[in-house]
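The values are calculated or read from the model by the stated rules, or taken from the named source; none is laboratory data. In this text the structure is predicted, and so the values were computed from the model without any measurement. FYI the Cβ positions are ideal-geometry reconstructions off the backbone, even for glycines, and counts take in every protein chain you see.
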């Protein structure tokens, strides 16, 4: 009797486990391809996982709220449409065998290795068909999926193969080197005294994961922070003058963050070493400039959606994409691909009324920018008739960077360039 194992998917480069927050099916249910099976939560995003095949749910191996490692079997689907007696031990043995076969296949098949780098989710069935039919990652990425969220289904790849005709197989890509996330060293906690009136609050799952990631980042990267003050008076006056017309014309509010993002993307193009990652004793210069923007969720946790290829977008495009991602983040509707691939991050301390901050780098990036609140301040201006004191709009920009590869000269020059771009904002640009 043919069966298919549903495994915990890998929803991001650094994701090693996920929590099953909800099952949409129960044992004995009949499902069709693309029916939702379960919801999984990680430290990055919550996602609903669809079924890659038609069949009957014969076994559910993990209950809701279970924390499960990537690759573990979660459920078994009978492809014959019949109930199948499958013991937990048998499934566990099949899982071990499948894992061993997977390791062997990955070592022999470089196409599978390169496919892991995709931000798009592919079911095991689709990947198997692609492998057997010599469909490369680039071809798979180009297929327009008809499933939920544009997911490629079996019928989509079969239609592509049929239309492909007798084209010669695409050469296999060379395997891409991957680096596992550093392991956080856990030491015995310092004893904490608890008084009679003290309240004890258990960290939620996301807060625990964020805590681990922050500790790991401080252990991995020697952090250095540089600070500049920027005079953004002209920028503020331009926005005040045009914000209503902008919203009326494009249907989106324009805040200061899209302008900051535009300046950061331009500066990263000029200083590519800041747009990189460290792999042992190697520096990986990133081709794409993908800027992550930290967004506060209603539960108090932060999530960082990513604006892909930010340097290729104009201010209107950045504004629309940022607003879309921020709204999706606040309503827990971000797709896994929308929080992956970031090469640099911006966090806005100014939204909380703070003037300055020293943020922690989001690994495996090498720098993060914090923007402070914009305040009116008296400042000395040079004029043809002498110095004068005027009221100006000013803000602090602080850059935390990885001192393994970014020294003070580069970090300072990059930060100064962002400030210059903001201070020299073109107030004559049309909306």
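In the range 38-54, what residues are at pLDDT 85 or above, outside any strand (DSSP E or B) and buried (at least 22 other Cβ atoms within 10 Å of the Cβ)? Break it down into steps so the answer makes sense when it comes.
Restricting attention to the range 38-54, the residues satisfying the condition of being at pLDDT 85 or above are 38-40, 49-54.
Right, trim to outside any strand (DSSP E or B) and you get 51-54.
Selection gives 51, 52.
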Can you find even one residue in the range 401-417 that is in the same structural domain as residue 273 (by TED's automatic domain parsing), touching a helix residue (DSSP H, G or I) at 6+ places or on another chain (Cβ under 8 Å), farther than 21 Å from residue 265 by Cα and part of a strand (DSSP E or B)? no
Among the residues listed as 88, 95, the single one being at pLDDT below 80, within 28 Å of residue 337 (Cα to Cα) and assigned by TED's automatic domain parsing to the domain that holds residue 6: 95
Quick count over the range 211-223, residues being under 18 Å from residue 18 (Cβ atoms) and buried (at least 16 other Cβ atoms within 10 Å of the Cβ), is 1
Has the range 374-393 got at least one residue that is touching a residue at least 12 places away in the same chain (Cβ under 8 Å), buried (at least 20 other Cβ atoms within 10 Å of the Cβ) and assigned by TED's automatic domain parsing to the domain that holds residue 214? no
Hey, could you check the range 55-68 for residues that are under 30 Å from residue 155 (Cα atoms) and in contact with a helix residue (DSSP H, G or I) (Cβ under 9 Å, 6 or more places away or on another chain) and say which is surrounded by the most Cβ atoms within 10 Å (Cβ to Cβ)? 59
Out of contact with any helix residue (DSSP H, G or I) (no Cβ under 9 Å at 6 or more places or on another chain), within 24 Å of residue 122 (Cβ to Cβ), assigned by TED's automatic domain parsing to the domain that holds residue 229 and outside any helix (DSSP H, G or I) - does that describe any residue in the range 346-354? no
Please verify whether the range 290-300 includes one or more residues that are modelled with pLDDT under 95 and buried (at least 18 other Cβ atoms within 10 Å of the Cβ). yes
Residues located in the range 355-364, provided they are closer than 18 Å to residue 301 by Cα and free of Cβ contacts under 8 Å to residues at least 60 places away in the same chain: 357, 359
If you take the residues in the range 178-210 that are modelled with pLDDT under 80 and not in a loop (DSSP other than H, G, I, E, B), which one is surrounded by the fewest Cβ atoms within 10 Å (Cβ to Cβ)? 205
